[in-house]
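Below you'll find the structure, written out as C-alpha cells, and then a few comments.
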Amino acid sequence: MEFINNIFVNIAALARFIFTWIVTRLGLPEALVDIAMVAVYWLGIVVACVLIALFYVIWERKLAGYIQRRPGPNRLGPNGWLQTIADAIKLVMKEDIVPDKADKPIHLLAALLAFVPPMLALAAIPFGEGMVALDLELGIVYIVAVTTCASLPVLMAGYASNNKYALVGGMRVVNQAISYEVPQCFAILSVVMVAGTFNMLDIISYQQEHIWLVCLQPVAFVVYIIAAIAECNRAPFDLPEGESELTAGVYTEYSGMRYALFYLAEYCNMFVASGVATTLFLGGFSGPFLPGWVWFLLKTFVIMSFFIWTRWTLPRVRADHVLAFCWKMLVPLMLLNVLVTGIVVYMV
Amino acid sequence: MLHTLAFLVLAGLTAIFGLGTLFLPNMIHAFLSFIGCLLSVAGVFFSLQADYLGAVQIIVYAGSVAVLIVLALLMINRRQGDMSHTNKWAHKWVGGALASLLVGGALGSTILYTHFTGWPLMGTTADIQPVVYADLADKLLNEHMVAFELMAVLLLAALVAAVAVARGHQAGNGKE
C-alpha cells in the first residue's frame, strides 16, 4: 500500500539518484542534477497532459452517447475505447493547411503557445503526497496568474487567421475570460481567507484537520465551477466556438496538428480547473484506503464528468446574457460571500 | 551562477521585446511584443525570488493587455495593420524627444544613484529575506489604509464615469 502510494515519488527519487551518480562520476557541477530533475518533472507533466486529454476526449464522447441514448464510438478496440488514438494519428497525418492571407508566424505561435499555460499551472497542483513539481508559498496566486494568460493564444489565433468568424470568436474569448476571472478570484479568495494560506499543500492539510472546504464555502464552490466552465470556453458558455453562428469560431482556420494542439489545450485547461477545484474544495489527494494520487484522479474525474454533463445537457447562452450573469449575479454574490466570510473569520 | 545567467537571458528578452514594441510596424505584433516584454519582467521578478510581484505583474499587466488588443481591434481601422495611418502622434518629434528625455533622465539618475554591489544573485539566495505576506497585507490595509482606500475610490469613480459615458451614448442614439 505504502509502495503504491509513493510510486511516483520513488520514481523521481530513483531518477535523482541516477543523475547524481552520473554527475559525480563525470565530475560535473551539482546544479546539473537539479536542471535534469526539472526536465524530468516537465516530461512527467507533458506525458500526464497527453494521457489525460486522450482519456477525456473518448470519455466525453462515450458519456455524451450515454446521455443522448446512443452507443457513441463503439467500433475500434474494446467497445470503441481506442477511437481517440486513431483520431490523434489521423490529425497528425493530415495536411497542415495555413490560409494564404493569414499572419503565418502568429498562426503557428498561437497553436504552440495554447498548451503552455495549462502545463505551467499543472506544475503547481499537488497530484498526491509529495507529488508537486513546484511547491510555491503563493501556489494558488501563481495558478491564477498563469491561467489568466490562457486567453492570449486564443486571441492570437483569432487575429492571425484573418477571418471574420475567427476574429469575433477570439474577442469573445477575451470578453468572457476577463469577466469570469473576477468571480473566480473572489471564490478562491474566500477559500484562502478560511484556510489562511496561499500554499496548495497547506490548504489540503487544513482540510485534513478540519473539514472539506466545500462544506464551509458551498457558494464559492458553485461559483468557481461556473466560472471555470466559462474560462474553459465550454458549453453553455462556448460562444467563442459557437458552431451555429461562427462556423468553428477561433478554430475555423485551423486543421491537422495545429487544431489538435488547441483541442489538447482545451482538455488540459479543464483538467487544471478541476484539479484546482479538487485541491481547494474537495480535500485534494486526501482520502481513506486508496493511494493519494488515485483519490486525486477520482475527484477530478467526477468534476470533469460534471463539465461534460453540462455541455451535453444545456443549450448555449446568448452573448449578452453571459456577461450580465457574470457582472450582475456572480460578482455581487461573491462580494457578499467574501464579506460574510470575513466577518465570520474575524469573529471565530 | 545559474541565477545570473537566468537574469541576463530574461533582461535581454525584456530589451528585445521592448524594442519590438517600439519598432514593429504592425499594431498587433507590437502588442504581442509588449506582452512578451511584460512576461519577461515577471520572469525577472521570479528569478529575484519576488514571487508575489511576479504573479501580480502577470495578472495585472500581461493578462489585461488582451483587453487592450480587443479595444484596439474594435476602434482602430487598421488598413494593412500599419500604425503610421492611425497614430497621429507619431510625427510630433519635439514632444516625443522631450518626453523621452524626461523619462530617460529620471531612469538614468535612479540608476546612477543606486549603489550596485555586483550582479544580481551572484552570491547565495539564502541571504534574501523571505517575504511574509501577512506583513504585506498589514502594510496595505493598516499602515497605508487611507492611500489604499483613495485609490479604490478613484477606480470606482472611473468605473462609474465609464458606465455613464457608455449609457449616455446609448440613450442619445435611442432618441435619434
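Read the figures in this text as sums done on the coordinates, not as results from a lab. Keep in mind it's a predicted model, so treat the numbers as computed, not measured. Cβ coordinates were reconstructed from backbone atoms using ideal geometry, including for glycine residues, and neighbour counts include every protein chain displayed.
Structure values in brief
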{"read-out": "Shielding score for B:51-63, defined as the mean number of other chain Cβ atoms within 10 Å", "value": "5"}
{"read-out": "Label zone at B:His91, where the point sits 7 Å out along the Cα-to-Cβ direction: region B:1-44 residues whose backbone N lies under 13 Å", "value": "none"}
{"read-out": "Equivalent ellipsoid dimensions for region A:22-121 as semi-axes, Å, which come from the Cα gyration tensor, largest first", "value": "36, 23, 13"}
{"read-out": "Convex hull projection area averaged over all views, region A:80-221, Cα basis, nm²", "value": "11.8 nm²"}
{"read-out": "Debye equation applied to the C-alpha atoms of region A:103-347, log10 I(q)/I(0) at 0.07, 0.08, 0.11, 0.17 Å⁻¹", "value": "-0.23, -0.30, -0.57, -1.26"}
{"read-out": "Calculated from backbone phi, Karplus (6.51, -1.76, 1.60) coupling profile of region A:295-311 in Hz, x at Gly/Pro", "value": "4, 4, 5, 5, 5, 5, 4, 4, 5, 4, 4, 5, 4, 5, 4, 4, 4"}
{"read-out": "Rounded to whole Hz, the Karplus (6.51, -1.76, 1.60) HN-Hα couplings of region A:262-268, x for glycine and proline", "value": "5, 4, 4, 5, 4, 5, 5"}
{"read-out": "Per-residue Cβ neighbour rank within 10 angstrom, fewest leading, B:Ser40, A:Ser161, A:Ser255", "value": "A:Ser255, B:Ser40, A:Ser161"}
{"read-out": "Separation in nanometres of the label points that stand 7 Å from Cα toward Cβ, at A:Ile85 and A:Met37", "value": "3.4 nm"}
{"read-out": "Cα-projected label distance for B:Ala134 with A:Ile11, points at 7 Å along beta-carbon direction, nm", "value": "3.9 nm"}
{"read-out": "Estimated 222 nm signal from helices in the protein assembly as shown, with DSSP H stretches of n ≥ 4 weighted -39500 (n - 2.57), rounded to 500", "value": "-22500 deg cm²/dmol"}
{"read-out": "Most mobile of A:Pro118, A:Pro236, A:Pro315 in a GNM of chain A (Cα contacts under 10 Å)", "value": "A:Pro315"}
{"read-out": "Chain A: relative contact order in percent, alpha carbon pairs under 8 Å with at least 6 residues between", "value": "22 percent"}
{"read-out": "Size of charge dipole - the protein assembly as shown - debye, nearest 20, with Cβ of Lys, Arg +1 and Asp, Glu -1, no other charges", "value": "1600 debye"}
{"read-out": "Cα-only radius of gyration and Dmax that characterise the protein assembly as shown, units Å", "value": "24.7, 83"}
{"read-out": "Chain A: most fluctuating residue of A:Lys299, A:Lys94, A:Lys62 per GNM, C-alpha cutoff 10 Å", "value": "A:Lys94"}
{"read-out": "Of A:Ile58, A:Ile18, A:Ile85, the one that fluctuates the most in a GNM where chain A has Cα springs shorter than 10 Å", "value": "A:Ile18"}
{"read-out": "Shielding of B:28-36 by partner chains, average beta-carbon count, 10 Å", "value": "3"}
